[in-house]
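Peer 1: Submitted below is the structure of interest, expressed as structure tokens.
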Amino acid sequence: MSVDDATAAQDDHEEPHPTQALDDTVHQRVRLGVLTVAREADRVEFGFLKKQLAVTDGNLSRHLKVLEESGLITVEKGYAGRRPRTWITLTREGAQALDVELRALRALVLRLETPRAVPDV
């Protein structure tokens, strides 16, 4: 059996690496921030998100568009008094995607903190 065959055989018995469960749409820093802040409240205002995540209007708008097109958030525009406002709400799909992301991150941390035998290759 060659080294490649042994590695392939070993890989067949291992669980997938936790990073395989990470979703690029969710995992990006600003988008992950949006989802986590939105998870903490029923809805969150654009200006609050911008301040919390330390991003520009344009940068946040772009990430919100990606999340909205993916069905992970809803965006509602309206007024508070005479001032225009934009509110963001996490959808059920967004909450589920965030849960999957968090499980993958926990699994990755656990993997790194758990002593493992390193295979001879």
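Peer 1: Output yes when any residue across the range 94-110 is over 30 Å from residue 14 (Cβ atoms) and of a type in the set (Asp, Glu), and no when none is.
Peer 2: Within the range 94-110, none of the residues are over 30 Å from residue 14 (Cβ atoms) and of a type in the set (Asp, Glu).
Peer 1: So if I check each of 112, 98, which one is in contact (Cβ under 8 Å) with a residue 12 or more places away in the chain, of a type in the set (A, V, I, L, M, F, W, C) and either assigned to a helix (DSSP H, G or I) or out of contact with any Cys (no Cβ under 6 Å at 6 or more places or on another chain) (or both)?
Peer 2: Of 112, 98, the one residue that is in contact (Cβ under 8 Å) with a residue 12 or more places away in the chain, of a type in the set (A, V, I, L, M, F, W, C) and either assigned to a helix (DSSP H, G or I) or out of contact with any Cys (no Cβ under 6 Å at 6 or more places or on another chain) (or both) is 98.
Peer 1: Still on this structure, I have one more. Would you mind telling me which numbered condition in (1) part of a strand (DSSP E or B); (2) touching a residue at least 12 places away in the same chain (Cβ under 8 Å) residue 49 fails?
Peer 2: Here residue 49 clears every test but (1).
Peer 1: If you don't mind, another one. Has the range 97-120 got any residue that is more than 20 Å from residue 19 (Cβ to Cβ), at pLDDT 95 or above and of a type outside the set (A, V, I, L, M)?
Peer 2: no
Peer 1: May I pose another question? In the range 84-93, is there at least one residue being at pLDDT 95 or above, under 19 Å from the mean Cα position of the chain (by Cα) and in a helix (DSSP H, G or I)?
Peer 2: Scanning the range 84-93, I find at least one residue that is at pLDDT 95 or above, under 19 Å from the mean Cα position of the chain (by Cα) and in a helix (DSSP H, G or I), so the answer is yes.
Peer 1: With 110, 72 as the choices, which residue is under 16 Å from residue 41 (Cα atoms) and under 21 Å from the mean Cα position of the chain (by Cα)?
Peer 2: Exactly one residue qualifies, and that residue is 72.
Peer 1: If I filter the range 62-78 down to residues being part of a helix (DSSP H, G or I) and without any contact (Cβ under 8 Å) to a residue 12 or more places away in the chain, which single residue comes out as farthest from residue 96 (Cα to Cα)?
Peer 2: Selected residue: 62.
Peer 1: If only one of 37, 26 is in a helix (DSSP H, G or I), touching an Asp or Glu at 6+ places or on another chain (Cβ under 6 Å) and under 18 Å from residue 96 (Cα atoms), which one is it?
Peer 2: 26
Peer 1: Considering 40, 76, 93, 69, which residue is in contact with a Phe, Trp or Tyr (Cβ under 6 Å, 6 or more places away or on another chain) and surrounded by fewer than 15 Cβ atoms within 10 Å (Cβ to Cβ)?
Peer 2: Checking each option against the conditions leaves just 76.
The values are calculated or read from the model by the stated rules, or taken from the named source; none is laboratory data. Please read all numbers here as calculations on a predicted model, not as lab measurements. All Cβ positions, glycine included, derive from the backbone under ideal geometry; neighbour counts span all protein chains shown.
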